[in-house]
1. Could you go through region 38-50 and let me know if any residue there is open to solvent by 80 Å² or more (accessible area, probe 1.4 Å), out of contact with any Cys (no Cβ under 6 Å at 6 or more places or on another chain) and of a type in the set (D, E).
2. Restricting attention to region 89-121, and to residues there that are over 18 Å from F33 (Cα atoms) and touching a residue at least 60 places away in the same chain (Cβ under 8 Å), which single residue is surrounded by the fewest Cβ atoms within 10 Å (Cβ to Cβ)?
3. Among the candidates D163, D186, D180, single out the residue that is surrounded by 18 or more Cβ atoms within 10 Å (Cβ to Cβ), more than 29 Å from E70 (Cα to Cα) and acidic (D, E).
4. Could you figure out which of (1) touching a Lys or Arg at 6+ places or on another chain (Cβ under 8 Å); (2) within 15 Å of Y151 (Cβ to Cβ) isn't true of P40?
5. Report every pair of residues separated by at least 6 positions or lying on different chains whose Cβ atoms are under 7 Å apart, first residue within region 4-23 and free of Cβ contacts under 8 Å to residues at least 40 places away in the same chain, second of a type in the set (V, I, T) and open to solvent by 30 Å² or more (accessible area, probe 1.4 Å).
Amino acid sequence: MCYYTQQNASIENLKRRFNAELDNEETFLQSDFINGFSHPNIPVILDSSPHLITTDYTWGLLPSWAKDIEFRKNTLNARIETIDEKASFKNITHNRCLIIASAYYEWHWNDEKGKSKDRYQINSQDDEIFTFAGLYSSWTDPLTDEIKNTYTMVTTKANRLMDFVHNHKHRMPIMLKKQDETAWLDQSVTINEFAYPYEGNLIALPSN
């Protein structure tokens, strides 16, 4: 699974990379280490507005029927193999987004219980700025009527490199190749076409 990322690209670099504008510079997140459990607003691009980088969506999807905001700690990731079966995701597989990143982090277990771990930073050797496949939704707080926009990161079976790094769960996020980003945002492309380990030019480096 993937709960920790990096997004250290500047606003101008993101604008050039995606040929897009940014909706709000004041809420733009730029950080070397992002903890998903803090439910950050990592910049994303929605299928409904591919020429806009938005900062109004937080990590941890809240389905419309969620009773309270605490539910989002369970939905940082969505397994692509079961995405059509899970109540949290099955009705929003057409709501697709690109989650922007410059790296992510995973831990290699040195023993069966994970008491000793080594952290790795995973980068793309093809693109300094890349994207993860995501799904998004909007949720209305039943107590306050406040609307929260949220997203989840879609994961798949680990490729050979990530099978070594993530040797506990053997999973990895779907890191989209640059040429596949438009296809992910295209609702006519079935989601199962992306159920493959990412075979791009990745590098995993030990990270303190």
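1. Initially, region 38-50 is screened for residues open to solvent by 80 Å² or more (accessible area, probe 1.4 Å), giving 48.
Subset that is out of contact with any Cys (no Cβ under 6 Å at 6 or more places or on another chain): 48.
Then keep just the ones that are of a type in the set (D, E); that gives none.
Checked against the condition, which is being open to solvent by 80 Å² or more (accessible area, probe 1.4 Å), out of contact with any Cys (no Cβ under 6 Å at 6 or more places or on another chain) and of a type in the set (D, E), region 38-50 yields no hits at all.
2. Filtering region 89-121 for residues over 18 Å from F33 (Cα atoms) gives 89-98, 109-116.
Next cut, touching a residue at least 60 places away in the same chain (Cβ under 8 Å) only: 89, 93-94, 96-98.
Details: F89: 23, T93: 17, H94: 10, R96: 24, C97: 25, L98: 24.
Step by step, filter region 89-121, then rank; the result is H94.
3. Exactly one of D163, D186, D180 is surrounded by 18 or more Cβ atoms within 10 Å (Cβ to Cβ), more than 29 Å from E70 (Cα to Cα) and acidic (D, E), namely D180.
4. P40 satisfies all of (1) touching a Lys or Arg at 6+ places or on another chain (Cβ under 8 Å); (2) within 15 Å of Y151 (Cβ to Cβ) except (1).
5. Listed by first residue and then by second, the contacts come to L22/I11.
The values are calculated or read from the model by the stated rules, or taken from the named source; none is laboratory data. Just so you know, these numbers come straight off a predicted model, no measurement behind them. No Cβ is skipped: glycine too gets one built from the backbone with ideal geometry, and neighbour counts run over all protein chains shown. Just the protein is used for accessible areas: all its heavy atoms, side chains included, with ligands, DNA and RNA removed. Shrake-Rupley method; radii C 1.70, N 1.55, O 1.52, S 1.80 Å.
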